[in-house]
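**Student:** Handing you a structure now.
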Amino acid sequence: MTDLFSLDIASLLTAYRTAQLQPTDVIESVYRRIAARGNDAVWIHLLPQAKAIAQAQFLAGRNLDDLPLYGIPFAVKDNIDVAKIPTTAACPAYSYIPDKTATVVDRLLQAGAILIGKTNLDQFATGLVGVRSPFGACSSVFHDDYISGGSSSGSAVAVAAGLVSFSLGTDTAGSGRVPAAFNNIVGLKPTRGVLSTSGVVPACRSLDCVSIFTLNCQDAAIVWQVASGFDATDSYSRQIPAQTAAIPSSFSFGVPKADQLKFFGDAAAADLYEQGLQRLKAIGGNLVEIDFQPFQQAADLLYSGAWVAERLAAIQPFFETQADAMHPVVRQIISNGLRYTAVDTFKGFYALEALKQEAAQQWQKVNILALPTTGTIYTKAEVEADAIALNTNLGYYTNFVNLMDLCAIALPAGFRANGLPAGITLIGQGFQDAALCQLGARYHHQMGGIYGKTTSVRISP
């Protein structure tokens, strides 16, 4: 049995239907691929192969048409609970063993997906870099010296490296989008509350989202459809409205004014962003300049305002007794929550509402925003030398999205001359998740559908 097959969902389901593959074949291949990569900081807890094979064998005799994720291997970020498997949030001293599987994971398992393991992250999901973990620092699949992006580092690398078909991350400030850009895959950040966060270690509970990494937009839509749904056990869960705003085939997309774009000296990233905008024009888009200032000012609130205190609230008992067990940069960031009062919090709420009203004037001009996922990419050494400032740069285009109750999909935007990828992100209003996936698929097709970095080839139907 050759390992040269794609793990995208459509290809695997076609192979199962035509008896070219069985789920056990795929799981055996996955574990060979994982072994071939060696110890690369992707996994915090890898299920024994026998347990994954048992999941595959359990599918025998089941009707494939009843299980939309039949035999599809996936991974989850290790701040998401799986019963009887430790949840560490990349902090061993914090580790606990949950009795119950997170709602979102359970829905995927019930749909036939096969769990492979739990992945590395920036500790307590605090960071966009992927290096703040005692379990090691993940690298971009394109160069060992460059960061993978975070905080959902291992989840993104697992997909890009062809180890799983999809993975779950979380996204509060951009953690489901930045790693997608640095690993040339798709990262869907759903509308807040559409995917349950019951069984997820909070970062900022009022803002957190479970995110989805896939090889293409069609896969993201499938996983989103299976995983979404109201959950009464999650006080932040929301019903998807019966009618949601479509994105027309001819659409307007907003881009910041030239003096509001930041690429931090990365001319190649600026060029790839421009190429991405041209692709959007080619599929029916009309470019409209907007004032990015209210979005940027909202982004600043996330780490330079009272929302940092919400990160402290999430782990306060642990912080008060075992702060010394935390990664020093994460501890520094979360300790800043002590600076803020309840008065500061309400002032932050007022400022955010004012910025939402300003942003609403920009939304009247466009159907979506089209932004660089990040302005640049950094080496691990650069991040270690200037951890907080460079992380802030990476959040310039991402930090405002959850604060403003938007959804987003991060897409590949091509490669620099040195072989490193860049990304572009399409941002829509709340509950436009499915519409963004559809538009993203059109964009991705326009650029040739390239994704990840694997030696796999697609099985012919």
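The values are calculated or read from the model by the stated rules, or taken from the named source; none is laboratory data. The structure displayed is predicted, hence computed values, not measured ones. Neighbour counts run over all protein chains shown; Cβ positions are idealised from the backbone, glycine included. Just so you know, the surface numbers come from the protein's heavy atoms only, side chains and all, with ligands and any DNA or RNA stripped out. Shrake-Rupley method; radii C 1.70, N 1.55, O 1.52, S 1.80 Å.
**Student:** Considering only region 205-241, how many residues are of a type in the set (S, T, N, Q), buried (at least 18 other Cβ atoms within 10 Å of the Cβ) and either free of Cβ contacts under 8 Å to residues at least 12 places away in the same chain or within 24 Å of Ile315 (Cα to Cα) (or both)?
**Tutor:** Residues meeting the conditions: 2.
**Student:** Restrict the check to region 76-98 and report whether at least one residue is out of contact with any Asp or Glu (no Cβ under 6 Å at 6 or more places or on another chain), under 29 Å from Val129 (Cβ atoms), aromatic (Phe, Trp, Tyr) and without any contact (Cβ under 8 Å) to a residue 12 or more places away in the chain.
**Tutor:** yes
**Student:** Could you please find all residues in region 375-428 being open to solvent by 20 Å² or more (accessible area, probe 1.4 Å), under 20 Å from Met447 (Cβ atoms) and hydrophobic (A, V, I, L, M, F, W, C)?
**Tutor:** Hits for region 375-428 are Phe415, Ala417.
**Student:** Let me ask you something else. Just one of the numbered conditions (1) part of a loop (DSSP other than H, G, I, E, B); (2) touching a residue at least 40 places away in the same chain (Cβ under 8 Å) is not true of Leu280; which one?
**Tutor:** (1)
**Student:** Now for a separate question. Please give the number of the condition Leu12 fails out of (1) over 29 Å from Thr233 (Cα atoms); (2) open to solvent by 10 Å² or more (accessible area, probe 1.4 Å); (3) among the hydrophobic types (A, V, I, L, M, F, W, C).
**Tutor:** Result: Leu12 fails condition (2) only.
**Student:** Are any residues in region 89-110 touching a helix residue (DSSP H, G or I) at 6+ places or on another chain (Cβ under 6 Å), of a type outside the set (Ser, Thr, Tyr) and open to solvent by 10 Å² or more (accessible area, probe 1.4 Å), and if so, which ones?
**Tutor:** Hits for region 89-110 are Ala93, Arg107.
**Student:** Still on this structure, I have one more. Kindly indicate the residue of region 40-56 that is part of a loop (DSSP other than H, G, I, E, B) and touching a residue at least 40 places away in the same chain (Cβ under 8 Å) and also most open to solvent (accessible area, probe 1.4 Å) among those meeting that condition.
**Tutor:** My answer is Asp40.
**Student:** Being closer than 23 Å to Leu390 by Cβ, open to solvent by less than 30 Å² (accessible area, probe 1.4 Å) and assigned to a helix (DSSP H, G or I) is the filter here, so list the residues in region 283-300 that pass it.
**Tutor:** Those that are closer than 23 Å to Leu390 by Cβ, open to solvent by less than 30 Å² (accessible area, probe 1.4 Å) and assigned to a helix (DSSP H, G or I): Phe295, Ala298, Ala299.
Yes/no matrix, rows are residues, columns are (1) of a type in the set (D, E, K, R); (2) more than 22 Å from Thr170 (Cα to Cα); (3) in contact with an Asp or Glu (Cβ under 9 Å, 6 or more places away or on another chain):
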position: Gly348; (1), (2), (3): no, yes, no
position: Ala370; (1), (2), (3): no, no, no
position: Thr379; (1), (2), (3): no, yes, yes
position: Met404; (1), (2), (3): no, no, no
position: Ile427; (1), (2), (3): no, no, no
position: Phe431; (1), (2), (3): no, no, no
position: Leu436; (1), (2), (3): no, no, no
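**Student:** With the requirement that a residue be aromatic (Phe, Trp, Tyr) and in contact with a Gly (Cβ under 9 Å, 6 or more places away or on another chain), what does region 303-318 give you?
**Tutor:** Hits for region 303-318 are Tyr303, Trp307.
**Student:** Looking at region 15-28, can you tell me whether even one residue there is among the β-branched types (Val, Ile, Thr), open to solvent by less than 80 Å² (accessible area, probe 1.4 Å), in contact with a helix residue (DSSP H, G or I) (Cβ under 6 Å, 6 or more places away or on another chain) and in a loop (DSSP other than H, G, I, E, B)?
**Tutor:** no
**Student:** From the set of residues in region 57-69 that are part of a loop (DSSP other than H, G, I, E, B) and more than 20 Å from the chain's Cα centre (by Cα), which is modelled with the lowest pLDDT?
**Tutor:** Among them, the one singled out is Gly61.
**Student:** Wholly within region 333-447, which helices (runs of 4 or more DSSP H) include no fewer than the required count, namely at least 3 residues that are over 26 Å from Ser133 (Cα atoms) and without any contact (Cβ under 8 Å) to a residue 60 or more places away in the chain?
**Tutor:** Of the helices (runs of 4 or more DSSP H) lying wholly inside region 333-447, those with at least 3 residues that are over 26 Å from Ser133 (Cα atoms) and without any contact (Cβ under 8 Å) to a residue 60 or more places away in the chain span 342-363.
**Student:** Among Ser175, Ser165, Ser153, Ser148, which is the only one that is hydroxyl-bearing (Ser, Thr, Tyr), open to solvent by less than 10 Å² (accessible area, probe 1.4 Å) and more than 21 Å from Thr425 (Cβ to Cβ)?
**Tutor:** Result: Ser165 is the single residue among Ser175, Ser165, Ser153, Ser148 that is hydroxyl-bearing (Ser, Thr, Tyr), open to solvent by less than 10 Å² (accessible area, probe 1.4 Å) and more than 21 Å from Thr425 (Cβ to Cβ).
**Student:** Further, regarding this structure: For Ser6, indicate whether it is modelled with pLDDT under 95 and either closer than 14 Å to Ser165 by Cα or part of a helix (DSSP H, G or I) (or both).
**Tutor:** Taking the combined requirement at face value, the residue satisfies it.
**Student:** Given (1) assigned to a strand (DSSP E or B); (2) in contact with a Gly (Cβ under 7 Å, 6 or more places away or on another chain), where does Ser237 come up short, assuming only one miss?
**Tutor:** Status for Ser237: all satisfied but (1).
**Student:** What number of residues within region 58-115 satisfy the criterion of being more than 24 Å from Phe319 (Cβ to Cβ) and polar (S, T, N, Q)?
**Tutor:** Total meeting the criteria: 4.
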